[in-house]
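Peer 1: So that we are looking at the same thing, I have put the structure below in structure tokens.
Please treat every number below as a calculation from the coordinates, not as lab data. This structure is a prediction, so every number in the text was calculated from the model and none was measured. Neighbour counts are summed over all protein chains in view; Cβ atoms, including those assigned to glycine, are modelled from backbone coordinates with ideal geometry.
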Amino acid sequence: MAEGARPVRCIVKLGGAAITNKGELESIDEGSLRSSCAQLRQAMSDNAAPEKVMGMDWSRRPGDPADLVVDTEGFADMDGPGLDTNFIVVHGAGSFGHFQASSSGVHKGGLNTTLVKAGFVATRISVTSLNQEVVRALAREGIPSIGLSPFACGWSTQQRKLVSANASQIIQSLHAGFVPVLHGDGVFDELLDCTILSGDVIIRHLAQLLSPKYVVFLTDVHGVYDRPPTDPNAVLLREIEVDDNGGWSIVKPALQGNKRGVETSVAAHDTTGGMETKILEASAIARLGVDVYITKVGTEHSLRALKGDVNTSSDDWLGTVIRSAK
């Protein structure tokens, strides 16, 4: 953990496919986003009984009355939000950013061309607009959230490998009781000029730096399958162990005739690698001794994962646990 850093309980990845409608350009799945934020509040809350939510989004939305009413006295009388805010949220782009990046080739670099430069601008407009909506959704649940863009924080890569990642604002935000909300972003690259930094890579770096108790990936499916989950014969892999060399083996269930255990498919417009990247980054996190839970957004299983209440010896939790073999 970084010196002086506040202990982090959990880093949460809100998958792009889970909080957006991936087949529809720049379309948020409002129901999934709302349920994710409500469950995050439940996981953070120190009260078993539901309490009154004091929303922190004081901006006007379409359809709101011209004069906003904010209960400033109610906030002034509060000792605090009553939440364990030792969480970091990282979200994917989903139907935001991928179209702009793949259409212009931003992930391949080359800012000397006008197309890539325009695409870089368009990509960042798109992903930062989604970041604002995620922050607003969390704020409406009374979670004190702060949007932090990797580009604006000075994060950069060299041939797509992360080489500069200043986390001082993230650590300072945690110290102040805020929940940092980061996202996949367009960044400068020392050799390519620019590229796309995925949310999954961001999470791995933060896990290395801040040693969370556990990491949760919320997706649009129940976890990692032995083949694309659209296949009717797909089997949910409940537990995967990772050794010191990065090799991994399936602990539950036992599979026949499939040594590696997983086939992955990536959408044509996905510039960040899809499920394959997710598994590789989750495996790297597990090697640090941090358990990784992958499960479906907006379910009882996602709430349990966010609370850290997962028992792999029981079959009543649907998801994938990736952990160190040690």
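Peer 1: Using the per-residue mean of other Cβ atoms lying within 10 Å as a proxy for protection, in what order, highest first, do the peptides 149-158, 310-319 fall? Working shown, then result.
Peer 2: Details: 149-158: 18.4, 310-319: 13.8.
Top of the packing list down: 149-158, 310-319.
Peer 1: Here's something else I'd like to know. Tell me the relative contact order for segment 1-123 as a rounded percent, counting alpha carbon contacts under 8 Å between residues six or more apart. Present the calculation step by step, with values, prior to reporting the outcome.
Peer 2: On the way: 120 pairs, mean separation 45.1, N = 123.
That works out to 37 percent.
Peer 1: Using 0.36 nm per residue of separation minus the Cα-Cα distance, give me the extension gain between LYS326 and ASP231 in nm, one decimal.
Peer 2: On the way: separation 95, 0.36 × 95 = 34.20 nm, distance 3.28 nm.
Net length gain for the segment: 30.9 nm.
Peer 1: Normalising by the residue count of the chain, find the relative contact order in percent from Cα pairs under 8 Å and 6+ residues apart.
Peer 2: Working: 659 pairs, mean separation 70.6, N = 326.
Value for the chain: 22 percent.
Peer 1: Set the Förster distance to 45 Å, then compute FRET efficiency between GLN169 and ALA254 from the Cβ-Cβ distance, nearest 0.05.
Peer 2: Numbers: r = 46 Å, r/R0 = 1.02.
Calculated transfer efficiency: 0.50.
Peer 1: Classify segment 144-219 from the C-alpha gyration tensor, please: rounded if a/c falls under 1.5, else prolate or oblate depending on whether a/b exceeds b/c. Can you show the working numbers first?
Peer 2: Details: a/c = 1.93, a/b = 1.57, b/c = 1.23.
The shape class here is prolate.
Peer 1: Output the peptides 169-181, 132-144 sorted from most to least packed, where packing is the average of other Cβ atoms within 10 Å over each peptide's residues.
Peer 2: Put in order of decreasing packing, that is 132-144, 169-181.
Peer 1: If amide hydrogens are placed 1.01 Å from N in the peptide plane, which non-local residues have theirs closer than 5 Å to the one on TRP155?
Peer 2: Answer set, sorted by chain and number: ASN166.
Peer 1: For a distance above 28 Å, tell me the whole-number percent of Cα pairs in the chain that qualify. Mind showing how you got there, number by number?
Peer 2: On the way: 21409 of 52975 pairs.
Considering the chain, 40 percent of its Cα-Cα pairs are separated by more than 28 Å.
Peer 1: When a/c reaches 1.5 or more, the comparison of a/b and b/c decides; with that in mind, is segment 1-104 rounded, prolate or oblate per its Cα gyration tensor? Mind showing how you got there, number by number?
Peer 2: Details: a/c = 2.14, a/b = 1.28, b/c = 1.67.
Oblate, because a/c is 1.5 or more while a/b does not exceed b/c.
Peer 1: Follow-up. With just the Cα atoms defining each centre, how far is segment 35-114 from segment 210-225? Give it in Å.
Peer 2: 19
Peer 1: Rounded, prolate or oblate: which fits segment 56-212, taking a ≥ b ≥ c as square roots of the Cα gyration tensor eigenvalues, rounded meaning a/c under 1.5, else prolate when a/b beats b/c?
Peer 2: Values: a/c = 3.10, a/b = 1.57, b/c = 1.97.
It is oblate, given that a/c is not under 1.5 and a/b is not larger than b/c.
Peer 1: Given points 7 Å out from each Cα along the Cα-Cβ axis, report the ASP79 to ASN112 separation in nanometres with one decimal.
Peer 2: In this crude spin-label approximation the distance works out to 6.3 nm.
Peer 1: Amide H of VAL251: which non-local residues (sequence gap of 5 or more, or other chain) have their own amide H closer than 5 Å, using H built in the peptide plane?
Peer 2: GLU239, ILE240, GLU241
Peer 1: Run the dipole for segment 1-144 about the Cα centre, Lys and Arg Cβ at +1, Asp and Glu Cβ at -1, nothing else charged, and hand back the magnitude in debye, nearest 20. Before the final figure, lay out each step's value.
Peer 2: On the way: 14 positive and 17 negative charges, 173 e Å.
Dipole of segment 1-144, to the nearest 20 debye: 840 debye.
Peer 1: Could you pull out the GluC sites (Glu not before Pro) across segment 29-119 that fall in loop regions by DSSP (anything but H, G, I, E, B) with no more than 16 other Cβ atoms inside 10 Å?
Peer 2: Working: sites: GLU30, GLU51, GLU73; in loops: GLU51.
Answer by residue number: GLU51.
Peer 1: Over 27 Å between Cα atoms: which of LYS108/LYS307; LYS22/LYS296; LYS22/LYS52 fall into that group?
Peer 2: On the way: LYS108/LYS307 38 Å; LYS22/LYS296 16 Å; LYS22/LYS52 33 Å.
Flagged as over cut-off: LYS108/LYS307; LYS22/LYS52.
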